[in-house]
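Here is the structure we will look at, set down as structure tokens.
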Amino acid sequence: MITQKSDIEILKEKYEFEIDEFRKKQDQLLISIIIPIYNEEKSIKNIINRIPNHYKLEIIIVDDGSKDNSVSEILKIKNKNILLIKHIKNKGYGAAILTGIKNAKGDIIITLDSDGQHNPEEIPILIQPIIDNSSEIVVGSRYKGKSNYRIPLHTRAGEFVIKKSLWYLFHQNVGNNQSGFRAFKKDCLELFDNVIFSRFGLCTEILFKGALKGFKICEVPISVNERKHGVSYNKVIEIFKSICSIISLYFLKKIRIGKIIPKQIWVRAYHNIVCYLKKLY
Ligand SMILES: Nc1nc2c(ncn2[C@@H]2O[C@H](COP(=O)(O)OP(=O)(O)O)[C@@H](O)[C@H]2O)c(=O)[nH]1
Ligand SMILES: [Mg+2]
């Protein structure tokens, strides 16, 4: 066991494959799959075992302080190359994704939920636009695919507001913008530097930041299942606050791009706003 940071331990014994050697010898694509997990002991094994084998893969599971048997279930999995990283305390969905991103070495990085709502068999559909070079960020959309999942009203309302804001500000059309099943080309990983929203707001922040920086974003159809086990830790009030903050922040950034606010005033004001938001989230 190696301690990387004071509160993160890496269970190295299961991370047995030679990624660095692979990178030196071959030019085949390496796909990193980041799976955040918080108390999903009933679904995690099934999700991992269903990940298609026909790519060169690294599976990075970030356990965010689970209190159930999620970790021991992961340790039971055989024949898969898994890097398991543990947060000693729960830090939130976004923080788990960020830990995964820091450790990913792939050319394409996928995020996939561990609660069984996403289907790993759809990974090839998700990464196709990146392989074709037509997009740099791909979002799996349940609105474009078939889904037997009844979307909670608050999620639908939040997604609607975000969709309209992304369209008016950046002319990007992302309906299922809260989807956790996404793929990123390696070049986009700069978007994860200095993020403000380290919980569920991360999904939204990355889209606004990506749109502002001009990355090509698209949606592909996926299917989403009802949650069969465990519970969602998604808090409506937190989502609402983060949506308002992100939209306001990027609206201000966009205005600045229009050179309406003088640079010195803008930089100081933006810095203060960001410091304030960082304390909140
Ligand atoms: N790392 C981490 N993952 C979380 C946390 N809360 C939820 N997750 C994971 O994030 C994914 C999506 O969470 P979920 O609660 O199902 O959100 P919903 O599908 O939007 O209702 C699941 O794989 C959860 O295990 C958290 O606090 N930390
Ligand atoms: Mg879920």
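The values are calculated or read from the model by the stated rules, or taken from the named source; none is laboratory data. What you see is a predicted model; the values in this text were computed from it and never measured. Glycine gets a Cβ as well: all are built from the backbone with ideal geometry, and neighbour counts include every protein chain shown.
For the range 112-125, filtering for residues that are over 18 Å from Arg227 (Cβ atoms) and within 16 Å of ligand 1 (Cβ to nearest atom) leaves 1.
The condition of being basic (Lys, Arg), at pLDDT 85 or above, over 16 Å from the mean Cα position of the chain (by Cα) and under 22 Å from Lys102 (Cβ atoms) does not hold for Lys241. Against the test of being within 22 Å of the chain's Cα centre (by Cα), surrounded by 15 or more Cβ atoms within 10 Å (Cβ to Cβ), within 13 Å of ligand 1 (Cβ to nearest atom) and among the small types (Gly, Ala, Ser), the options Gly230, Gly210 yield a single qualifying residue, Gly230.
Among the numbered conditions (1) among the charged types (D, E, K, R); (2) over 20 Å from Asn176 (Cβ atoms); (3) surrounded by 18 or more Cβ atoms within 10 Å (Cβ to Cβ), the only one that Lys254 does not meet is (3).
If you check Leu249, Leu202, Leu191 for being within 28 Å of Ile130 (Cβ to Cβ), away from ligand 2 (no atom under 16 Å from the Cβ), in a helix (DSSP H, G or I) and under 16 Å from the mean Cα position of the chain (by Cα), only one passes: Leu191. Residue check: Asn176 meets all listed conditions (1) assigned to a helix (DSSP H, G or I); (2) within 16 Å of ligand 1 (Cβ to nearest atom); (3) modelled with pLDDT of 90 or more but one, namely (1).
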